[in-house]
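See structure below.
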Amino acid sequence: MDKGSSLDYLVLPSTLLRSFLFLCSLVLVVVLVTKTVISTQRNDFKQDANTAIYHIQEQILTNDVALAGFSSLFATLDPNDLQKTRDFTQYMRDTFPHIYMFEAMFRVDVSQKLQHEEDMRALGYPDYKITPYGTEKKPINQPDQALTGVPAHYPIVFIDPFFASLEGLMGFDMMSVSNMRETLLASIASGTPVASKPFNLREGGRGYALIKVQTLPDTKAIMEQHYNQDYQPPLMFSRAVKSYSGDVATLIIIRADTIVASVGDIVPAAKVQLIDGPEGQLAAEFNTPQIVDLPVINIETLLFRGDLDDLAQPFKVLLSQPAGLYSQHIKLITLLVLLMCIAYGFYYRSLLSKYRLQLQRDAGLLELSQQHTKLEVMVAKRTAELQLQSDENTNLAQQLIRVQEDQIHHIARELHDEFGQTLTAIKINAHILEQAQTCLLYTSPSPRD
């Protein structure tokens, strides 16, 4: 009965409706929890992304400050300030790891190239030579001629940090590199710092250069004054006095990967891309480390885009982070679903108990009704039997009464007849006696017999 009642209750429309509503409530709880989790992740990601972009902006501002300080110190050309310049550049590199290298270049007209090389050799660089980039495949096209009318070189005269492996960069002509040439020309035309297109660093990773070109008309006189005093310039500040044309280009090379990776602690689960300019060239990219927990169930990808068109470094930052359910969220949802299932199980059990009680009550009422019907049938039958018996008894009584009446009538008739005859006989006898007595009286003289 229990098994049958359970199955019967299970297929009841009300039970099916309750089960459907319970399933809908489960789905609703899962959806609400998921939406709450995603909304929280979206808000946290937005806050972290703003913080990360602000951090990147700070580093970009640091680049501009570093370039301005380097240009200011280097432009003085005072020998006593050279060590200050080195201290400054070393401090900036140690404090801000994304700053990779400081370089300085002088503008040397093409006509003064040989003179410049001789002056540099005379200053202690026997192997110094203005070296173009890829002379065989990419010859120098004198691009500066379009602006000044005079072809020029921009050889490197200052490097920090300076290692023996970098000594070959002394005299390297930045005008021979298309990327640097475009940046130099843009800075010359605007008079402001200009960022180059991103490029691959020799040590690995991606970087870009921030270049500022400034004109110092009195620099040559200051330099000649120092050299006329038999001042020997340090190795890091080699330059040619006679061939110097007045323009100084200062440059810092920036590790774009380090800038992007520095926000890893702020948005550890995000993929950060540094996009350069309107062309959308990828400057640097930081992917989520494998040690970072990722969603077990990925629902959507959160995106945040920030424009950093500040201080001649027109970058865009694109942050993307997977949003979904982590293991703790799945455990929470599982716990909620389990609790709801347990609660619904108790509720279903109570409903089933009520249903079984109702079935028992209905069965009892049905049995009582059947017993009542049987009793009514029995009573009706018994009543019919009693009625039949009563009728029979009545008939018997009537017959008995009729018999008795007949007997009484018969007895009465017999008594009547008998008494009548007796009375008649008595009367006759009495009459006879009376007559006899009368006769005796008339015949006898005395009353004695």
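The values are calculated or read from the model by the stated rules, or taken from the named source; none is laboratory data. Since this is a predicted model, take the numbers as computed values, not measurements. Cβ placement follows ideal geometry from the backbone for every residue including glycine, while neighbour counts extend to all protein chains displayed.
Here are some notes:
- Flag if residue 144 is closer than 24 Å to residue 207 by Cα, among the acidic types (Asp, Glu) and either modelled with pLDDT under 85 or in contact with a Pro (Cβ under 9 Å, 6 or more places away or on another chain) (or both): no
- Conditions (1) exposed (fewer than 15 other Cβ atoms within 10 Å of the Cβ); (2) more than 25 Å from residue 187 (Cα to Cα); (3) among the small types (Gly, Ala, Ser): number failed by residue 52: (1)
- If the condition is being free of Cβ contacts under 8 Å to residues at least 60 places away in the same chain and touching a Leu at 6+ places or on another chain (Cβ under 7 Å), then segment 319-342 contributes 320, 322.
- Positions within segment 316-343 being farther than 25 Å from residue 293 by Cβ and buried (at least 17 other Cβ atoms within 10 Å of the Cβ), in sequence order: 316
- Selection within segment 56-66: residues that are of a type outside the set (Asp, Glu) and surrounded by fewer than 17 Cβ atoms within 10 Å (Cβ to Cβ). The member of this set that is farthest from the chain's Cα centre (by Cα) is 65.
- Some residue of segment 295-304 being farther than 30 Å from residue 182 by Cα, assigned to a helix (DSSP H, G or I) and either over 26 Å from the mean Cα position of the chain (by Cα) or touching a residue at least 24 places away in the same chain (Cβ under 8 Å) (or both): no
Table: residues versus (1) modelled with pLDDT under 85; (2) in the same structural domain as residue 177 (by TED's automatic domain parsing); (3) touching a Lys or Arg at 6+ places or on another chain (Cβ under 9 Å).
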| residue | (1), (2), (3) |
| --- | --- |
| 45 | no, yes, no |
| 60 | no, yes, no |
| 69 | no, yes, no |
| 74 | yes, yes, no |
| 81 | yes, yes, no |
| 88 | no, yes, no |
| 97 | no, yes, yes |
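- Inside segment 8-20, residues that are surrounded by 12 or more Cβ atoms within 10 Å (Cβ to Cβ) and out of contact with any Leu (no Cβ under 7 Å at 6 or more places or on another chain) make up a count of 6.
- The residue pairs whose first member lies in segment 189-207 and is at negative phi, whose second member is of a type in the set (Asp, Glu) and not in a loop (DSSP other than H, G, I, E, B), and whose beta carbons are closer than 7 Å, counting only pairs six or more residues apart or on different chains, are 193/64; 197/276; 198/276; 206/257.
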